[in-house]
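Enquirer: The structure that follows is given in the form of structure tokens.
Since every read-out is calculated from the coordinates, none of them should be taken as a lab result. If you're wondering where the values come from, they're calculated on a predicted model, not measured in any experiment. Quick reminder, even Gly has a Cβ in these numbers, built from the backbone with ideal geometry, and neighbours come from all protein chains shown.
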Amino acid sequence: MDNKAKKLLLITDMFPRPESPTDGVFVLHQVQALAAHYQVRVFSSWFPSKAKVQVRQKPEYDVIQVYYPQSRIFYPLTAYYYHKYVLPKLKEVLDSFDPDIIHVHDCRHLPELLCMQDLLSKHHAKKILTVHNIQTLPERTERFWLKSIYQNTLPKAYRVWDKVLFVSKQLLERMREIIPSHKSLYIGNAIIPTPECKDESLKHIKDKIESKNFNILSVGNLVNTKGFDILIQAFAQLQRQHKNMSLTIIGSGKQQKKLINQIIGLGLEEQINLIPAQPNEIVRNVYKCFDLFALPSYSETFGIVYLEAMEAGLPVIGVRGQGIDGVVRDGVTGLLCEPKNVSDLVSKIRWAINNREAATKLACAGQIHVRENYMMDKLVRRLVDIYES
């Protein structure tokens, strides 16, 4: 279906920025695919930052990137800065571009979703929201005052949408009390085929692993909930019996120093490689150099990297009860361990080491499952159907 005459405005707080080119790359891939069907414009916001606006013009779409500060006194007061710096620019884009469809990706309900409600409600466009974020669910916060604010603002934040799409079935179920079932829809997530990449671009990673005979890979932002410290503990236990192993973690973030100290404390500097975040095309092409992908993330709405590893033909270990549970079916398309459970993770990795042929069969099943159900062309067809229904 060719809808090139129609205008699609995509609003997100997850999109690659010059300072962080790997953030929200899956949203970028969606935009690139949708640009074949619609006139697309991207409105992206980011905080905390000094207030400024950047406009980047691409052949297929333009990106308006608005940066704004965060309140240092009381986090919800960040809404003031959103009203001051972001909403006027968003109104300007709505007036000049006048979209037929508005699709918002994620955006924290405080401040973004709540603040943009009145402005979007006055526009005639069809309004779609894709929910990726679980951090603003009331049960996710330990601060009683913030939990109370979330409980009282969530219903309004999710009120204006014609359709609310969820990347995982677990998240859909958790939001049933807030979003009516006739508006809710499981959409899943998707990846593009592996892009081309020159071999020399992979050399700095491949050189670190070629001498080992069982190489484990993990990819993600270096934050607590990704469970990299758990993975390092598990690796340390396994390495005592399986000497010819390596673990490579690709990612950047606040936990980098803590993880480095953990690796040094265990004396595993030669066996564990901590590599800064890499461009998506490098990561996509480096999966095939490894024997296993493991990410024991215990707060994951979906987890695109699991799809990427499965599509590359790697056996994958995820965490039971998280967003990837269901895509990864334990013993069928991959392996699942219990959250925050080092011993269970150890047993899953040990099984993959000792049962190479069976692990390869799981990897093949996972690869087929992803290629049949989670590729970008299929997701975009579903989105077009939703936009046009």
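Enquirer: Need one number: nm distance between label points at ASN373 and ASN354, each 7 Å from Cα along Cα→Cβ, rounded to one decimal.
Expert: 3.0 nm
Enquirer: Say each of SER121 and ALA5 gets a label point 7 Å from the Cα, pointing the same way as Cα to Cβ; how far apart are those two points in nm?
Expert: With each label point 7 Å from Cα toward Cβ, the separation is 3.2 nm.
Enquirer: Helix-derived [θ] at 222 nm for the chain: sum -39500 (n - 2.57) over DSSP H runs of at least 4, divide by residue count, nearest 500? Could the numbers behind the result be given before it?
Expert: Numbers: 14 runs with 138 residues, N = 389.
That comes out to -10500 deg cm²/dmol.
Enquirer: Per the Kirkwood treatment, what hydrodynamic radius in Å, one decimal, follows for segment 199-373 from the mean inverse distance over all distinct Cα pairs?
Expert: Details: mean 1/r = 0.0632 Å⁻¹.
Answer for segment 199-373: a Kirkwood hydrodynamic radius of 15.8 Å.
Enquirer: Where does helix 87-97 land angle-wise versus the long Cα axis of the chain, in degrees 0 to 90, nearest 10?
Expert: Tilt relative to the chain: about 80 degrees.
Enquirer: Same structure, new question: Charges on Cβ only, +1 for Lys and Arg, -1 for Asp and Glu, centred on the Cα centroid of the chain; of CYS364, ILE249, ALA51, which one is farthest towards the dipole's positive end?
Expert: ALA51
Enquirer: Give me the angle, in degrees from 0 to 90, between the Cα long axis of helix 342-354 and the longest principal axis of the Cα atoms of the chain, rounded to the nearest 10.
Expert: 60 degrees
Enquirer: So, one more: Each label point is 7 Å from the Cα along the Cα-to-Cβ direction; what then is the distance between the points at SER49 and GLU270, in nm?
Expert: Taking the two extended label points, one gets 4.3 nm.
Enquirer: Give the calculated FRET efficiency between LEU77 and THR194 to the nearest 0.05, with a Förster radius of 30 Å applied to their Cβ-Cβ distance. Provide the component values of the computation, followed by the final result.
Expert: Details: r = 44 Å, r/R0 = 1.47.
Using R0 = 30 Å, I get an efficiency of 0.10.
Enquirer: Can you list the HN-Hα couplings for segment 366-371, worked out from phi with the Karplus curve (6.51, -1.76, 1.60; θ = phi - 60°), rounded to whole Hz and with x for Gly and Pro?
Expert: With coefficients 6.51, -1.76 and 1.60, one gets x, 4, 4, 4, 5, 5 Hz.
Enquirer: Same structure again: Cα-based count: Lys pairs in segment 199-373 below 14 Å, eight or more positions apart or different chains? Mind showing how you got there, number by number?
Expert: On the way: LYS203/LYS288; LYS206/LYS288; LYS212/LYS243; LYS226/LYS254; LYS226/LYS258; LYS226/LYS340; LYS340/LYS348.
Lysine pairs meeting both conditions in segment 199-373 amount to 7.
Enquirer: Taking 0.36 nm per intervening residue step and subtracting the Cα-Cα distance, what contour gain separates ASN152 from GLU338 on full extension? List each step's numbers first, then the result.
Expert: Details: separation 186, 0.36 × 186 = 66.96 nm, distance 3.26 nm.
Full extension from ASN152 to GLU338 adds 63.7 nm.
Enquirer: Charges only on Cβ, +1 for Lys and Arg, -1 for Asp and Glu: so what's the dipole of segment 199-373 about the Cα centre, in debye to the nearest 20? Numbers along the way, then the final one.
Expert: Working: 20 positive and 18 negative charges, 70 e Å.
Once rounded to the nearest 20, the dipole reads 340 debye.
Enquirer: Most exposed first by the Cβ proxy, i.e. fewest other Cβ within 10 Å, how do ILE102, ILE324 rank?
Expert: ILE102, ILE324
Enquirer: Taking the number of other C-beta atoms within 10 Å as the exposure measure, put LYS50, LYS7, LYS348 in order starting with the fewest. Don't jump to the answer; show the numbers that get you there.
Expert: On the way: LYS50 7, LYS7 17, LYS348 23.
By the 10 Å Cβ count, ascending, the order reads LYS50, LYS7, LYS348.
Enquirer: Provide the per-residue ³J(HN,Hα) series for segment 145-158, in order, calculated from phi with Karplus coefficients 6.51, -1.76, 1.60 and θ = phi - 60°, each as a whole number of Hz, with x at glycine and proline positions.
Expert: 5, 6, 4, 5, 5, 4, 4, 8, 9, 4, x, 5, 4, 9
Enquirer: Provide the FRET efficiency to the nearest 0.05 for the ALA36-SER252 pair, computing r from the beta carbons and using R0 = 30 Å. Can you show the working numbers first?
Expert: Details: r = 32 Å, r/R0 = 1.06.
Once rounded, the FRET efficiency stands at 0.40.
Enquirer: With θ taken as phi - 60° and the coefficients 6.51, -1.76 and 1.60, list the Karplus ³J(HN,Hα) couplings across segment 49-64 in order, rounded to whole Hz; mark glycine and proline as x.
Expert: 6, 5, 4, 6, 10, 10, 10, 10, 9, 10, x, 9, 6, 10, 10, 9
Enquirer: Sticking with this structure for a sec: Picking from SER168, MET310, LEU154, whose Cα lies most toward the positive end of the charge dipole for the chain (charges on Cβ: Lys, Arg +1; Asp, Glu -1)?
Expert: Looking along the dipole axis, the top candidate is LEU154.
Enquirer: Still on this structure, please answer the following. Against the longest principal axis of the chain, how steep is helix 256-265, in degrees 0 to 90 to the nearest 10, with axes from Cα atoms?
Expert: 10 degrees
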